[in-house]
1. Restricting attention to the range 16-57, and to residues there that are more than 27 Å from residue 105 (Cα to Cα) and aromatic (Phe, Trp, Tyr), which single residue is most open to solvent (accessible area, probe 1.4 Å)?
2. I need the helices (runs of 4 or more DSSP H) fully contained in the range 243-306, keeping only those with at least 1 residues that are out of contact with any Gly (no Cβ under 9 Å at 6 or more places or on another chain) and modelled with pLDDT under 95.
3. For the range 58-74, which residues satisfy the criterion of being surrounded by 22 or more Cβ atoms within 10 Å (Cβ to Cβ) and within 11 Å of the ligand (Cβ to nearest atom)?
4. Can you pull out every residue in the range 143-163 that is under 11 Å from the mean Cα position of the chain (by Cα) and among the polar types (S, T, N, Q)?
5. Are any residues in the range 82-97 open to solvent by less than 40 Å² (accessible area, probe 1.4 Å) and either assigned to a strand (DSSP E or B) or within 16 Å of the ligand (Cβ to nearest atom) (or both), and if so, which ones?
6. May I ask you to list the residues in the range 32-73 that are under 16 Å from the mean Cα position of the chain (by Cα), free of Cβ contacts under 8 Å to residues at least 40 places away in the same chain and more than 25 Å from residue 236 (Cβ to Cβ)?
7. Looking at the range 209-231, is at least one residue of a type in the set (Lys, Arg), open to solvent by 30 Å² or more (accessible area, probe 1.4 Å), at pLDDT below 95 and not in a strand (DSSP E or B)?
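The values are calculated or read from the model by the stated rules, or taken from the named source; none is laboratory data. Predicted model, so just to flag it, every value in this text is computed and none were measured. In this analysis, Cβ positions are derived from the backbone assuming ideal geometry, glycine residues included, and neighbour counts consider all displayed protein chains. Heavy atoms of the whole protein, side chains included, go into the accessibility calculation; ligands, DNA and RNA do not. Shrake-Rupley method; radii C 1.70, N 1.55, O 1.52, S 1.80 Å.
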Amino acid sequence: MKNLQQSENKKLQHLLSIKGLDKKIIEEIFNDADKFLEKKDIKLDDYTSLNGKTVCNLFFENSTRTQTTFEIAAKRLSANVINLDIATSSQSKGESILDLINNLIAMSVDIFVIRHSEPGIPELIAKNIKSNAHIINAGDGNREHPTQGLLDAFTIREFKKDFSNLKVAIVGDIEHSRVAKSEINVLSTLGTKEIRVIGPKALMPSNINNLNVNVFHTMEEGLKDVDVIMMLRIQKERMSNKTVPSESEYFKSFGLNQERLKIANNDALVLHPGPINRGVEIESEVADGKQSAILNQVKYGIAIRMAVMVMMIHKK
Ligand code: CP
């Protein structure tokens with residue numbers, strides 16, 4: 001995976017997974033995102049750095065935040081943006097995904113942003129394309145969502161600075177969450193003191209004990225002394241064999257309310273990748289409260305996605 005993502009001189013050819021991504025690359029993305037966010041040390045040229053390039057959003061699964069922020073990020077860098085509507089594309093006539101990609105490459109697409117319900121599709125495309133086009137995984141099934149992991153870690157860095165002192169709890173449906181996997185990978189690479197996962201046994205992946213995290217099955221135990229709480233929704237669309245938990249029962253056991261928030265450290269940061277389900281995994285008073293940085297995550301996502309695309313195109 002590392003060779004597929006990073007060229008020999010260590011720069012980013014594709015972004016498929018956080019796993020195997022150098023800490024140095026992550027820090028460079030964060031530093032560039034800082035510039036775009038603070039508009040400091042930024043040259044006019046930076047905003048035209050994707051001039052003449054074409055970014056194509058290929059979302060085979062629904063999205064609000066990821067697709068829109070990639071579009072805004074690409075436009076802020078002066079790129080042309082195509083949002084291909086999969087429902088009305090020739091996919092419905094039996095065209096394979098690789099033929100679709102090769103046709104778009106013939107139209108000179110430089111960066112593909114791909115979301116798919118099947119794990120491994122962005123990697124399959126990266127392995128098979130016959131051009132220098134770049135592939136960004138915008139979420140593949142329950143596997144990874146690397147730019148979400150990066151923007152979440154960037155948000156934590158904005159508020160908490162040093163990962164080596166932090167205890168971070170990821171709460172909810174870990175098994176079906178691609179965000180949780182990218183989150184665990186990025187926090188591990190950045191040297192986070194302790195990563196906890198909290199959730200029902202039925203929603204933990206079978207390899208959870210190999211992921212270098214501490215596992216808790218109650219909020220009361222898991223939230224004690226934590227600095228950051230990352231809430232996840234129940235990913236019903238990826239549940240096939242297991243019974244979907246009752247929403248009210250789930251909230252009683254694993255919902256984040258104001259009372260439970262008090263178990264964590266006083267200044268604990270509350271995050272959620274969205275979309276949030278109010279009253280299921282989080283109550284409104286917490287989602288909209290002063291410890292919540294949920295909308296900061298969305299805003300920082302634009303800067304992170306700008307930094308990733310600039311690194312791919314220019315830092316070779
Ligand atoms: N966080 C996230 O991936 O949101 P969307 O599904 O709206 O893109």
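1. 36
2. 247-254
3. Step one: list which residues in the range 58-74 are surrounded by 22 or more Cβ atoms within 10 Å (Cβ to Cβ), which gives 58, 66, 69-70, 73-74.
66, 69, 70, listed by residue number.
4. Across the range 143-163, the qualifying residues are 147, 148.
5. The initial filter retains those residues of the range 82-97 that are open to solvent by less than 40 Å² (accessible area, probe 1.4 Å), namely 86, 89, 97.
Across the range 82-97, the qualifying residue is only 86.
6. Residue satisfying the conditions is 71 alone.
7. Going residue by residue through the range 209-231, those that are of a type in the set (Lys, Arg) are 224.
Okay, now just the ones that are also open to solvent by 30 Å² or more (accessible area, probe 1.4 Å), so 224.
Subsequent filtering for residues that are at pLDDT below 95 retains none.
Within the range 209-231, not a single residue is of a type in the set (Lys, Arg), open to solvent by 30 Å² or more (accessible area, probe 1.4 Å), at pLDDT below 95 and not in a strand (DSSP E or B).
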